[in-house]
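Inspection log for the structure reproduced underneath, given as C-alpha cells.
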Amino acid sequence: MVLNNRCFFYHNNWDRKEEYNDEIWMPYFEEIDGYVMDAFKEEYRNVQILKKMLEEFRGNQ
C-alpha cells in the first residue's frame with residue numbers, strides 16, 4: 001500500500017518538480033563519445049528530484 005501512495009504522491013507532484021531544482025547540485029559530467037550528455041544530465045536531475053520527493057513523502061507520514 002505504501003508503494004501505491006508513493007507513486008500517487010509522485011504523480012500528483014511531478015508538475016512541481018522545478019521547485020526542487022534549486023536544491024540539486026549537478027556534478028561536472030565529462031563528455032563521452034557516443035552518449036547524449038544532455039539526456040544523461042536530465043536523467044540525473046530527475047533522479048535527484050525523485051529522491052527529494054521521497055524525503056518529503058516520508059516526512060509527511
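The values are calculated or read from the model by the stated rules, or taken from the named source; none is laboratory data. What you are looking at is a predicted structure, and each value in this text was computed from that prediction instead of being measured. Don't worry about glycine lacking a Cβ; one is built from the backbone with ideal geometry, like all the others, and counts go over all protein chains shown.
Residue-wise test of (1) modelled with pLDDT of 85 or more; (2) within 20 Å of residue 6 (Cα to Cα).
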residue: 31; (1), (2): yes, no
residue: 35; (1), (2): yes, no
residue: 39; (1), (2): yes, no
residue: 42; (1), (2): yes, no
residue: 48; (1), (2): yes, yes
residue: 53; (1), (2): yes, yes
residue: 58; (1), (2): no, yes
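I'm trying to understand the selection: among the residues of segment 1-22, which are over 11 Å from the mean Cα position of the chain (by Cα) and loosely packed, with under 10 Cβ neighbours inside 10 Å?
Of everything in segment 1-22, those that are over 11 Å from the mean Cα position of the chain (by Cα) and loosely packed, with under 10 Cβ neighbours inside 10 Å turn out to be 1, 2, 3, 4, 11, 12, 15, 22.
Taking segment 23-59 as the search range and keeping residues that are small (Gly, Ala, Ser) and part of a helix (DSSP H, G or I), which one is surrounded by the fewest Cβ atoms within 10 Å (Cβ to Cβ)?
Within segment 23-59, the first condition is being small (Gly, Ala, Ser), and the residues that meet it are 34, 39, 59.
Of the ones still in play, those that are also part of a helix (DSSP H, G or I) are 39, 59.
Numbers: 39: 9, 59: 7.
Only one residue fits best here, namely 59.
Within the bounds of segment 1-23, is there any residue that is of a type outside the set (Asp, Glu) and in contact with a Leu (Cβ under 8 Å, 6 or more places away or on another chain)?
So in segment 1-23, the residues of a type outside the set (Asp, Glu) come out as 1-14, 16-17, 20-21.
After this cut, where a residue has to be in contact with a Leu (Cβ under 8 Å, 6 or more places away or on another chain) as well, the list is 6, 10.
The answer is yes; a qualifying residue exists.
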